[in-house]
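The values are calculated or read from the model by the stated rules, or taken from the named source; none is laboratory data. Predicted, not measured: the structure shown is a model, and the values here were computed from it. No Cβ is skipped: glycine too gets one built from the backbone with ideal geometry, and neighbour counts run over all protein chains shown. We work out accessible area using only protein heavy atoms, side chains counted, and drop any ligands, DNA or RNA first. Shrake-Rupley method; radii C 1.70, N 1.55, O 1.52, S 1.80 Å.
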Amino acid sequence: MSVKLRLTRMGAKKAPRYRIVAADSRFARDGRVIDTIGYFDPTTDPETVRLDADKAMDWLRKGAQPSDTVRNILSRQGVMKKFHDEKGTGKEKK
């Protein structure tokens, strides 16, 4: 099972809001999800992002692959830097 961190669309027509979720890559975009990590609203100025960084780090440690958009969101929130720093220090200790 390949787990991806990706967006699922919520909200009304022409008013998109997204949930950031961990889901099996074989299921549909708005299909079954494993865990909800956060929320993304691109319609506000500036964009609204609510993210549980601990859950995101946990899924990244387990090997979940973020989509390009989710990777950008995680980078802006500082999660990817924290993940790469943690991963890098593990290699240096060996």
Strands (runs of 3 or more DSSP E) wholly inside segment 1-68 that include at least 2 residues being touching a residue at least 24 places away in the same chain (Cβ under 8 Å) and open to solvent by less than 40 Å² (accessible area, probe 1.4 Å): 3-12, 15-24, 35-41
Of all residues in segment 72-83 being free of Cβ contacts under 8 Å to residues at least 12 places away in the same chain and open to solvent by 70 Å² or more (accessible area, probe 1.4 Å), the one that is nearest to Arg6 (Cα to Cα): Asn72
